[in-house]
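Below: one structure, written as structure tokens.
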Amino acid sequence: SGKAVAGQYSNIGSVTGTPPVGPPVKDTDPSHYFGVTAAIDIEKATNGEDADTPTGPQIPVGGDVTWTYVVTNNSNVGLTGVTVTDDQGVAVTCPSTTLAAGAFMTCSASGKAVAGQYSNIGSVTGTPPVGPPVKDTDPSHYFGVTAAIDIEKATNGEDADTPTGPQIPVGGDVTWTYVVTNNSNVGLTGVTVTDDQGVAVTCPSTTLAAGAFMTCSASGKAVAGQYSNIGSVTGTPPVGPPVKDT
């Protein structure tokens, strides 16, 4: 008796015996076994990124998500009943349920991005000819980007969205403030505030963290009669088109 070692094993049994007369008699007989090492590996990716840790790729909410699951048979024997599942109920499709020793295959699934940090885990199981099933898991992540920006303009401290707004002597000082808020769940770059009447607007920054706000300003002199101007803001998220508000 002994313990199985990996791979093909061969040994030869020999016997000898001595009769009362004549030379000893001998014989041999070989025997073999195959020591099975069984293991399986899964490597999951999100939109091509091996995003084992957050945040993973940033994807606009509603954008396409493609998950790939590369399954490798690290056994020295073939596996049957190879099955890939996802803990978030994503439907995974594989080209086969068998996998030769050392072979690999790519399974896939798809979905639409939801807001915020998302995580799911791919799992694989396979059955060797002998011994228990083998298993492996691998996580993946993405961050669903919601992008929005808001501007609130005031004239001499009044949120004068409709006429008449504050009454100001002709030639008097006019101060416009533009409170810009990043309503995204990610930071914005290239934040720019403009005014449709050519008023020069000054802002403290061109970047704005998620949920942050800043106050921009402009000034001028009052002219006669009803006056109206419109403040506009634009900002660029990490993915997706720029966001705007007036």
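The values are calculated or read from the model by the stated rules, or taken from the named source; none is laboratory data. Fair warning: this is a prediction, and the values are worked out from it, not measured in the lab. Note that we place each Cβ from the backbone using ideal geometry, even for glycine, and neighbour counts take in every protein chain shown. Areas reflect the complete protein model, heavy atoms only, side chains present, ligands, DNA and RNA absent. Shrake-Rupley method; radii C 1.70, N 1.55, O 1.52, S 1.80 Å.
Per 0.36 nm of contour for each residue apart, how much would the distance between Ile121 and Ser1 grow if the chain were fully extended, relative to their Cα-Cα spacing?
Result: 38.9 nm gained on full extension.
Return the carbon/sulfur percentage of the accessible area of the stretch 189-232, one whole number, probe 1.4 Å, all protein chains in place.
Ligands and nucleic acids excluded, carbon and sulfur reach 56 percent.
Estimate the FRET efficiency between Lys221 and Thr189 by the formula 1/(1 + (r/R0)^6), using the beta-carbon distance for r and 41 Å for R0, to the nearest 0.05.
0.75
Once you charge only the Cβ atoms, +1 for Lys and Arg and -1 for Asp and Glu, what is the size of the charge dipole of the stretch 132-179 about its Cα centre, to the nearest 20 debye?
140 debye
Of Gly63, Ser108, Pro132, which is farthest towards the positive pole of the chain's charge dipole, taken about the Cα centre with +1 and -1 on the beta-carbons of Lys, Arg and Asp, Glu respectively?
Pro132
Taking every Cα atom in the stretch 1-56, find the radius of gyration and the maximum pairwise distance Dmax, and write them in Å.
26.6, 86
Between Thr246 and Ala210, what FRET efficiency follows from the Cβ-Cβ distance if R0 is 22 Å, with the result rounded to 0.05?
0.55
Taking just the C-alpha trace of the stretch 143-246, give me its Rg and Dmax in Å.
When restricted to Cα atoms, the stretch 143-246 yields Rg and Dmax of 14.9, 52 Å.
Leaving ligands and nucleic acids out of the surface, order Asp195, Asp245 by accessible area at 1.4 Å, largest first.
From most exposed to least exposed: Asp245, Asp195.
Which order do His141, His32 take when ranked by solvent-accessible area (1.4 Å probe, heavy atoms of all protein chains), largest first?
The ordering from most to least exposed comes out as His32, His141.
Let me check the size of the stretch 82-150 from its C-alpha atoms; what are the radius of gyration and Dmax in Å?
Using the Cα atoms of the stretch 82-150, the pair Rg, Dmax is 16.2, 64 Å.
Between their Cα atoms, which of Lys44/Lys112; Lys153/Lys221; Lys112/Lys135 are more than 22 Å away from each other?
As for pairs spanning more than 22 Å Cα to Cα, those are Lys112/Lys135.
Size of the dipole of the stretch 158-244 about the Cα centre, Lys and Arg at +1 and Asp and Glu at -1 on the beta carbon, nothing else charged, in debye to 20?
220 debye
As a test of the definition: which semi-axes, in Å, follow for the stretch 44-114 when you take the square root of five times each eigenvalue of its alpha carbon gyration tensor? Largest first, please.
27, 13, 9
If I compute Kirkwood radius over Cα pairs in Å from the structure I just sent, which labelled value in [x] 24.2; [y] 21.4; [z] 25.0 lines up?
[x]
Hey, can you find the accessible area per residue of the chain for me, probe 1.4 Å, expressed in square angstrom?
55 Å²
Only sites in a loop by DSSP and with at most 12 other Cβ atoms within 10 Å count here; which chymotrypsin sites (Phe, Trp or Tyr not before Pro) in the stretch 85-153 make the cut?
Of the chymotrypsin sites (Phe, Trp or Tyr not before Pro), not one in the loops of the stretch 85-153 has a Cβ with at most 12 other Cβ atoms within 10 Å.
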